[in-house]
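Reviewing the structure listed below.
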């Protein structure tokens, strides 16, 4: 099956810093989504981005489907950005990466 | 739009109890819903694909007799953990997407199940 790898696994940053999270996938996919899982476990849908670039406030994402990767950019990090960021790809089912655990220090 | 409601959000019960978790798509119809399990500090693992009007498709290693899935309508899927034991304690999340190609997944808020 499709393999989804996220990097880095852990990231600690000072408030105000920028960060880039990466998601590599091993085969062509129909969909790709980025999620933020908050401390209560809720998955917040950040981007639905099978290809191209999207921006939403301080967050943006780019997926290069032909090269099988996606990037999530977080600018001017805030402590509320802390949590785990997952990418998930969809072929005939949805496969999650292991996530990037982001900790923003005040 | 595209809201998925999952209930209950938290369950604490004794070993041997059966627990039912509901997943509803509130403002769209979902022919397919997915059930996931998440252990602490790990990723979400797909347990099964719930198909409206037919049997669920279970992933390898998931006991279908332990985790009963019913998808009786286009807006409701249920997961029943039968005769739950402490090792079944976990965070369970459902997701659904609308009909048509290339629809994003929308997730419920999850159910934290603790078996004493």
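The values are calculated or read from the model by the stated rules, or taken from the named source; none is laboratory data. None of the values given here were measured: they were computed from a predicted structure. Positions of Cβ are generated from backbone atoms using ideal geometry, with glycine treated the same way; all protein chains shown enter the neighbour counts.
Being within 14 Å of chain A (Cβ to nearest Cβ) and under 13 Å from residue B:25 (Cα atoms) is a property that does not hold for residue B:89. Each residue in the stretch B:25-49 was checked for being in a loop (DSSP other than H, G, I, E, B) and either within 8 Å of another protein chain (Cβ to nearest Cβ) or surrounded by fewer than 18 Cβ atoms within 10 Å (Cβ to Cβ) (or both), and 10 of them qualify. Within the stretch A:32-57, work out how many residues are assigned to a loop (DSSP other than H, G, I, E, B), within 11 Å of the chain's Cα centre (by Cα) and in contact (Cβ under 8 Å) with a residue 24 or more places away in the chain. Total satisfying the criteria: 0.
Filtering the stretch A:71-106 to residues that are away from chain B (no Cβ under 14 Å) and under 10 Å from the mean Cα position of the chain (by Cα) leaves A:71, A:72, A:73, A:74. Considering each residue of the stretch A:77-86 in turn, none proves to be touching a strand residue (DSSP E or B) at 6+ places or on another chain (Cβ under 9 Å), at pLDDT below 90 and not in a loop (DSSP other than H, G, I, E, B). The sole residue among A:50, A:39 that is farther than 17 Å from residue A:19 by Cβ, touching a strand residue (DSSP E or B) at 6+ places or on another chain (Cβ under 7 Å) and surrounded by 14 or more Cβ atoms within 10 Å (Cβ to Cβ) is A:50. The lone criterion from (1) closer than 29 Å to residue A:47 by Cα; (2) buried (at least 17 other Cβ atoms within 10 Å of the Cβ) left unmet by residue B:84 is number (1).
Among the residues of the stretch A:3-16, is any surrounded by 20 or more Cβ atoms within 10 Å (Cβ to Cβ), more than 12 Å from every other protein chain (Cβ to nearest Cβ), at pLDDT 95 or above and more than 21 Å from residue B:94 (Cβ to Cβ)? Scanning the stretch A:3-16 turns up no residue that is surrounded by 20 or more Cβ atoms within 10 Å (Cβ to Cβ), more than 12 Å from every other protein chain (Cβ to nearest Cβ), at pLDDT 95 or above and more than 21 Å from residue B:94 (Cβ to Cβ). Does at least one position in the stretch B:55-72 carry a residue that is facing chain A (nearest Cβ under 9 Å), within 24 Å of residue A:34 (Cα to Cα) and more than 15 Å from the chain's Cα centre (by Cα)? No; the residues of the stretch B:55-72 include none that is facing chain A (nearest Cβ under 9 Å), within 24 Å of residue A:34 (Cα to Cα) and more than 15 Å from the chain's Cα centre (by Cα).
The number of residues in the stretch A:21-31 being loosely packed, with under 14 Cβ neighbours inside 10 Å and either away from chain B (no Cβ under 14 Å) or assigned to a strand (DSSP E or B) (or both) comes to 2.
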